[in-house]
Amino acid sequence: MTGTTTGRRERKKAQTRQALTDAAVRLFTERGFDDVGVREVAEAADVSLSTLFKHFPSKEALVFDLDADMESALVAAVRDRAPGRSVLHALRDHMVRTRTAVRTDDPTFVLVESTPALRDYARRMWQRHENALAAVLAEATGLTPEDPAVAGLARFALEAPGIARAAEDPARTMRDLFTLLEHGWAATPLAAGEDQADRAG
């Protein structure tokens, strides 16, 4: 099989996945997740039901087209970081680049937040990503995935976008959160104020 044929096939698969995701989000947003069947999504995307299930194993997965890509990129951010670059800085830059563009008024975000089944799916998805990130952090540091430092950084990195997303400047907020992790509470203005109050007391 030539590279051209492979590339064409991959583009076709990507187009089909995107068509299915677009149709699903539109229908779910218009009518509600529970009131739309997968057959309707397939018809709206002009593909067969069997084709839909080749690309997406469940109805919920239709909304999370980039699940596998997101996890792969997260792992690569740590594993393929530049020589001498810390895992913390590599993760910070990856999260700023990839996780600060989605705002709380994004239609897909609103759909997920308003649909219990999708919220549950998203939570399970992020748990898988957290486990994958902990594994690659353990590989990079020589610690175990269960070590509090590894587990804590993995959890923090994946929870930080939830805080940053609602901020006026998500990218700056993400950087501030990682600065807090890097330097600790003692380096924050609030801690300095507390220290002065302690001395005054």
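The values are calculated or read from the model by the stated rules, or taken from the named source; none is laboratory data. Small disclaimer: the values here were computed from a predicted structure and weren't measured. With ideal geometry, Cβ positions are generated from the backbone for all residues, glycine too; neighbour counts draw on all protein chains shown. These accessible areas exclude ligands, DNA and RNA; they are computed on the full protein's heavy atoms, side chains included. Shrake-Rupley method; radii C 1.70, N 1.55, O 1.52, S 1.80 Å.
Structure above, values below:
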{"item": "Ranked order, TRP185, TRP126 - accessible area, probe 1.4 Å, largest first", "result": "TRP185, TRP126"}
{"item": "Folded to 0 to 90 degrees: helix 67-79 orientation relative to the chain principal axis, Cα", "result": "40"}
{"item": "Carbon and sulfur %, accessible surface of the chain computed with the full protein complex present, 1.4 Å", "result": "53"}
{"item": "Pair THR51, ALA171: separation of 7 Å Cα→Cβ label points (nm)", "result": "3.8"}
{"item": "Label point distance in nm, THR104-PHE156, each placed 7 Å from Cα along Cα→Cβ", "result": "2.4"}
{"item": "Local electrostatic count at ALA90 - Lys and Arg +1, Asp and Glu -1, tallied over other residues with Cβ under 12 Å", "result": "+3"}
{"item": "Accessible area expressed per residue, the stretch 54-201, with surrounding protein chains retained (probe 1.4 Å, Å²)", "result": "57"}
{"item": "Added length on full extension, which subtracts the Cα-Cα distance from 0.36 nm per residue, GLU139 to THR5", "result": "44.6 nm"}
{"item": "Crossing angle, helix 170-183 versus the chain [Cα axis fit, 0-90 degrees, rounded to tens]", "result": "40"}
{"item": "Residue-averaged [θ]222 nm for the chain, counting only DSSP H segments that reach four residues, each worth -39500 (n - 2.57)", "result": "-23500 deg cm²/dmol"}
{"item": "Between the stretch 126-160 and the stretch 1-59, the Cα center-to-center distance that results, in Å", "result": "32"}
{"item": "Distance (nanometres) between label positions extended 7 Å along Cα→Cβ at LEU181 and LYS12", "result": "4.2"}
